[in-house]
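Novice: Below: one structure in structure tokens.
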Amino acid sequence: MSEELKLNILSKLDSDGTIEDTSATFKGVSEEAVLGALKSLESQEKVKYKTLTTEIWTLEAEGKDQLESGSYEVRIFNAVPAGSDGITISELEAKFGKVAKLGQGKCLANKWLKKDGDKLVRTVESVTDKVQADLATVNSTSTHPSKDTLKDLKRRKLIKVTKLLSYSVSKGANFSTTLKKQATDLTMEMLQSGSWKTEEFKKFNFDSLGINPSGGHLHPLLKVREEFRQVFFETGFEEMDTSNFVESSFWNFDALFVPQQHAARDLQDTFFLKDPKLVKSLPDFWERVKNVHENGGYGSIGYRYPWSEEESKRLVLRTHTTAISSQMLHKLAQHPYRPAKYFSIDRVYRNEAVDATHLAEFHQVEGVIADKNMSLGSLIAFLDMFFKKMGMSNLRFKPTYNPYTEPSMEIFSYHEGLGKWLEIGNSGMFRPEMLRSLGLEDGVKVAGFGLSLERPTMFKYDISNIRELLGHKVDLGMIATTPACRLDKKMGQEALQKA
């Protein structure tokens, strides 16, 4: 129908030169179909068109009633007897109902009647029903010569208007009676064959609004991350700048009192950079770090091995955000003593085999607390309070080994849905060999704790394979439909009850 209508329009223009009104020329064809055909032809510059608006006035239900039986005011006037006796208002209301009040008001406004006590009496001998005549004109012609009359009848809700659109059409710059399908896209085949040189392309409509793009959605990791951030802020922590993903081995390992022959520094565990391979220089206190590795100090005998400056300069993708914590503690030591709390949540990298529970990159949540009165008991009390804010109140602590904390503890929480204890983090007191080398004064103790961001996110959103949470296998639909996260409310597997 569309192609046929376009050809009919072109044929009519070819024979008549113009189309004055499409509604008269193409009777029975919808306005939408005509407009669609005209827009298509206009895009090819075959036609030009202008919009015509026609107002069609029709009678409302009350208008039809007053056309048939007379206007309300004339009915009331005719009900009032001639002479001075008139008729009581109550009699009119009993006879005409609501029409009596409406008609009476118009009669008084037109000075056809006047009040005499509780009666209405005539002031004129006869009247002409102009309203009925105007309604008859509208009913027969769908309009009225007087715009004021139309306005008044509409105000009285006796008539309504319907606007009909039609079009006047003339020939365009490229007018012809034939249609050729225009290309909408420049394809690889056109470029290869050269056919684009002679192809006729459809013009862009820059006035078109186009399709509204869908809004962005926060990744589940970002939702959980924000919850963690709020918990840290509520407990007085400052956020560390973690924008450097590449660190020297000095900050990533040596400053943390991790020996240079430790397994964590092997190629199978750490990503080393090839270019550039080494950092240009080490911090000015590097010799203190070297000495404590080789000879010990601060109550330690050290590791007793020849410490290599070149090894310390090797650049790595950071394996933990503790590399940032060590730098913040060194900066803290450059100023007069003050207690401090720092946290970070960002990506770290490990050279690990990828499987359902491990990735080569993941997010580490870390917090450090520096204070002269800090102790292992203080750390346990803080962790109890911290994890309660995340809905985990049943905690256990197990001794473990970390190169840069002593004592060290693994943190476990009982998972009611799974019915077992799960490791949720690691913690401990930073060793004095690390703290004093960084410049912190005697008596300042630092506690640290960390956990992954992925594991709690997987439990919150019922994700069993970490590769479905992060990486190229992520389902974008999942990201768009995951609800907001509340760490203090049960979600996903947590909502399951032990059978």
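The values are calculated or read from the model by the stated rules, or taken from the named source; none is laboratory data. In this text, all values refer to a predicted model and were calculated from it rather than measured experimentally. Cβ: placed from backbone, ideal geometry, glycine included. Neighbour counts: every protein chain shown. The area values use the complete protein model at the heavy-atom level, side chains included, leaving out ligands, DNA and RNA. Shrake-Rupley method; radii C 1.70, N 1.55, O 1.52, S 1.80 Å.
Novice: What are the lysines whose alpha-carbon lies under 22 Å from the alpha-carbon of LYS171, with same-chain residues fewer than 8 places away excluded?
Specialist: Answer for LYS171, where 22 Å is the Cα cut-off: LYS6, LYS12, LYS27, LYS39, LYS46, LYS48, LYS50, LYS180, LYS181, LYS202, LYS203, listed by chain and number.
Novice: Going by a ≥ b ≥ c, the root eigenvalues of the Cα gyration tensor, does region 223-355 fall in the rounded group (a/c under 1.5), the prolate group (a/b larger than b/c) or the oblate group?
Specialist: It is oblate, given that a/c is not under 1.5 and a/b is not larger than b/c.
Novice: Can you give me the Rg/Rh ratio for region 275-414, using Cα atoms for both radii and the Kirkwood formula for Rh?
Specialist: Rg divided by Rh gives 0.98.
Novice: Hey, what did region 95-224 get for relative contact order, percent, Cα under 8 Å, at least 6 apart?
Specialist: 8 percent
Novice: Another question, if that's okay. Starting from the eigenvalues of the Cα gyration tensor, five times each then square-rooted, give me the equivalent ellipsoid semi-axes of region 374-440, largest first, whole Å.
Specialist: Output for region 374-440: semi-axes of 27, 13, 8 Å.
Novice: Using a Cα-Cα cut-off of under 25 Å, which lysines could be cross-linked to LYS95, ignoring same-chain neighbours fewer than 8 residues away?
Specialist: Straight-line reach from LYS95, under 25 Å: LYS64, LYS106, LYS111, LYS114, LYS115, LYS119, LYS130, LYS157.
Novice: Helix by helix through the chain, keep the DSSP H runs that span 15 Å or more along the axis on Cα and average at least 0.0 on Kyte-Doolittle, and give those back in order.
Specialist: The answer, listed by residue number, is 31-43, 98-109, 322-333, 376-388.
Novice: Still on this structure, please answer the following. Which values, in whole Å and largest first, are the semi-axes of the equivalent ellipsoid of region 122-254 obtained as the square root of 5 times each eigenvalue of the Cα gyration tensor?
Specialist: That gives 70, 42, 10 Å for the three semi-axes.
Novice: Can you list, largest first and rounded to whole Å, the semi-axes you get for region 1-85 by taking the square root of 5 times each eigenvalue of its Cα gyration tensor?
Specialist: After diagonalising the Cα gyration tensor, the semi-axes are 52, 12, 10 Å.
Novice: Which lysines have a Cα less than 17 Å from the Cα of LYS280, not counting those fewer than 8 places away in the same chain?
Specialist: Once the sequence-local lysines are set aside, what remains near LYS280 is LYS313.
Novice: About the Cα centre, and with charges only on the beta carbon of Lys, Arg (+1) and Asp, Glu (-1), how big is the dipole of the chain? Nearest 20 debye, please.
Specialist: 1120 debye
Novice: Roll a 1.4 Å probe over the protein heavy atoms and report the accessible area of MET188 in Å², nearest 10.
Specialist: 120 Å²
Novice: At 4 °C and a viscosity of 1.567 mPa s, what translational diffusion coefficient does Stokes-Einstein give for region 300-378, taking Rh as the Kirkwood radius over Cα pairs? Give it in µm²/s as a whole number.
Specialist: Diffusion coefficient, whole number: 82 µm²/s.
Novice: Same structure again: Considering only GLN104, CYS485, GLY299, whose Cα is most displaced toward the positive end of the charge dipole of the chain, charges sitting on Cβ of Lys, Arg (+1) and Asp, Glu (-1)?
Specialist: Highest projection toward the positive end goes to GLN104.
Novice: A further question follows. Run the numbers for LEU222 and SER90: contour at 0.36 nm per residue of separation, minus the present Cα-Cα distance, in nm.
Specialist: Contour length minus the Cα-Cα distance gives 39.9 nm.
Novice: Let me ask you something else. Need the C-alpha centroid separation for region 421-442 versus region 356-403, integer Å.
Specialist: Centre-to-centre (Cα) distance: 12 Å.
Novice: Once the whole set of protein chains is in place, how much accessible area is left on GLU32, using a 1.4 Å probe, in Å² to the nearest 10?
Specialist: Here the residue's solvent-accessible area equals roughly 130 Å².
Novice: Nothing charged except the Cβ atoms of Lys and Arg (+1) and of Asp and Glu (-1): what's the magnitude of the dipole of region 13-143 about its Cα centre? Round to the nearest 20 debye.
Specialist: Its charge dipole is roughly 580 debye.
Novice: Restricting things to alpha carbons, tell me how big region 29-161 is in terms of Rg and Dmax, in Å.
Specialist: Looking at region 29-161, its Cα Rg and Dmax stand at 22.5, 78 Å.
Novice: Report the Cα centroid-to-centroid distance between region 46-116 and region 291-327 in angstrom, as an integer.
Specialist: The two parts, judged by their Cα centres, are 100 Å apart.
Novice: Just add up the charged neighbours of ASP475: K/R +1, D/E -1, any other residue whose Cβ is under 12 Å from the Cβ of ASP475.
Specialist: +1
Novice: Checking a compactness column here: for the chain, what do you get for Rg(Cα) / (2.2 N^0.38 Å), N being the number of residues?
Specialist: Rg over 2.2 N^0.38 Å, computed on Cα atoms: 1.86.
Novice: Additional query: Taking square-rooted eigenvalues a ≥ b ≥ c of the alpha carbon gyration tensor, is region 257-335 rounded, prolate or oblate, where a/c under 1.5 means rounded and, failing that, a/b exceeding b/c means prolate?
Specialist: Because a/c hits 1.5 or more and a/b fails to exceed b/c, region 257-335 counts as oblate.
Novice: Quick check of the Kirkwood formula: for region 245-303, what is the inverse mean of 1/r over all pairs of different Cα atoms, in Å?
Specialist: 12.6 Å
Novice: Using 0.36 nm times the number of residues separating ASP16 and SER243, minus their current alpha carbon distance, what extension gain do you get?
Specialist: 74.4 nm
Novice: Any idea how far apart LYS115 and THR53 come out in nm if each label point goes 7 Å out from Cα toward Cβ?
Specialist: Label-label distance for LYS115 and THR53, simple model: 4.3 nm.
Novice: Set Lys and Arg Cβ to +1 and Asp and Glu Cβ to -1, take the dipole of the chain about its Cα centre, and tell me which of SER308, PRO145, PHE237 lies farthest positive.
Specialist: Highest projection toward the positive end goes to PRO145.
Novice: If you take the alpha carbon radius of gyration of region 418-462 and divide it by 2.2 N^0.38 Å, what ratio comes out, to two decimals?
Specialist: Dividing the Cα Rg of region 418-462 by 2.2 N^0.38 Å gives 1.75.
Novice: Charges at C-beta only: +1 for Lys and Arg, -1 for Asp and Glu. How large is the resulting dipole of region 300-349 about its Cα centre, in Debye rounded to 20?
Specialist: Here region 300-349 has a charge dipole of around 200 debye.
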